[in-house]
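See below for the structure under consideration.
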Amino acid sequence: MSRGDFLMVCLGNICRSPVVAEVVRQRFAAAGRRVVVESCGTGGWHVGHGADARMCAAARAAGYDLSAHRARQLHIDDFQRFERVFAMDRANLRDLTAACPPTLRDRLALFLPAAGLGGADEVPDPYYGSDEDFRRVIALAECGADGLLRLTPA
C-alpha cells in the first residue's frame, strides 16, 4: 500500500467513520508517522452535528476523544484530496464508486480488507444496536488501524 492521506467514509459520519479516523490518527501518531486522516458520510442528514453520544461514550472509555468531531458530507473534491478513500461497508463503497470519477476509483476500498484483515470485511453500523455494538466497532477500528499501519510504508 502506498503512503498517503486517508478518508474514512460511512453513511452519516456520526458513528463508524469518525471513530475509525480517530483510532487511525492515534495509532499512526504513536508510531511516529505523519498522516492526514479525515472522515465524512455519504449522506448529509447529520452535517455539522457531533458524533453520536453512544459512540462518544464508547470511544472515551477506550481512550479516544470524539468531542471535536463535526459531521460532514462527502464532496467531489475528496476523491482528489485523499490518496485512499475507505468505505466502512459495501453500501458505502457502492455510493463512493458511483460518485467517484472513473480515473480515481483505484483509491476506493473497503477499510477492513484494505487493512489486511481476513474474516469480517465490513464495519457494521451500530446506530440501531446496543452498547456492545459500539464497542465492537472500536475493536474493529483498532485492528484495522494496526493493519493499515503495517501495510503503509513509512
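The values are calculated or read from the model by the stated rules, or taken from the named source; none is laboratory data. Just so you know, these numbers come straight off a predicted model, no measurement behind them. Cβ coordinates were reconstructed from backbone atoms using ideal geometry, including for glycine residues, and neighbour counts include every protein chain displayed.
One residue stands out in the stretch 39-86 among those that are more than 19 Å from residue 6 (Cβ to Cβ) and touching a strand residue (DSSP E or B) at 6+ places or on another chain (Cβ under 8 Å): the one that is modelled with the lowest pLDDT, namely 44. If you filter the stretch 115-151 down to residues that are farther than 22 Å from residue 62 by Cβ and of a type outside the set (D, E, K, R), you find that the one that is modelled with the highest pLDDT is 151. Among the residues of the stretch 39-59, the one identified as charged (D, E, K, R) and surrounded by fewer than 19 Cβ atoms within 10 Å (Cβ to Cβ) is 54.
Filtered by the rule that a residue be surrounded by 23 or more Cβ atoms within 10 Å (Cβ to Cβ) and under 17 Å from residue 137 (Cα atoms), the stretch 22-38 gives 22, 23, 24.
Only a single item in (1) in contact (Cβ under 8 Å) with a residue 40 or more places away in the chain; (2) more than 19 Å from residue 93 (Cβ to Cβ) is not met by residue 25, and it is number (1). Among the residues in the stretch 109-116, are any assigned to a loop (DSSP other than H, G, I, E, B), over 12 Å from the mean Cα position of the chain (by Cα) and of a type in the set (A, V, I, L, M, F, W, C)? Checked against the condition, which is being assigned to a loop (DSSP other than H, G, I, E, B), over 12 Å from the mean Cα position of the chain (by Cα) and of a type in the set (A, V, I, L, M, F, W, C), the stretch 109-116 yields no hits at all. Of everything in the stretch 105-154, what is closer than 21 Å to residue 81 by Cα, free of Cβ contacts under 8 Å to residues at least 24 places away in the same chain and out of contact with any helix residue (DSSP H, G or I) (no Cβ under 9 Å at 6 or more places or on another chain)? Give them in sequence order. Once the filter is applied, which keeps residues that are closer than 21 Å to residue 81 by Cα, free of Cβ contacts under 8 Å to residues at least 24 places away in the same chain and out of contact with any helix residue (DSSP H, G or I) (no Cβ under 9 Å at 6 or more places or on another chain), the stretch 105-154 yields only 106. The set of residues in the stretch 117-154 being outside any loop (DSSP other than H, G, I, E, B), exposed (fewer than 14 other Cβ atoms within 10 Å of the Cβ) and among the hydrophobic types (A, V, I, L, M, F, W, C) consists of 139, 151.
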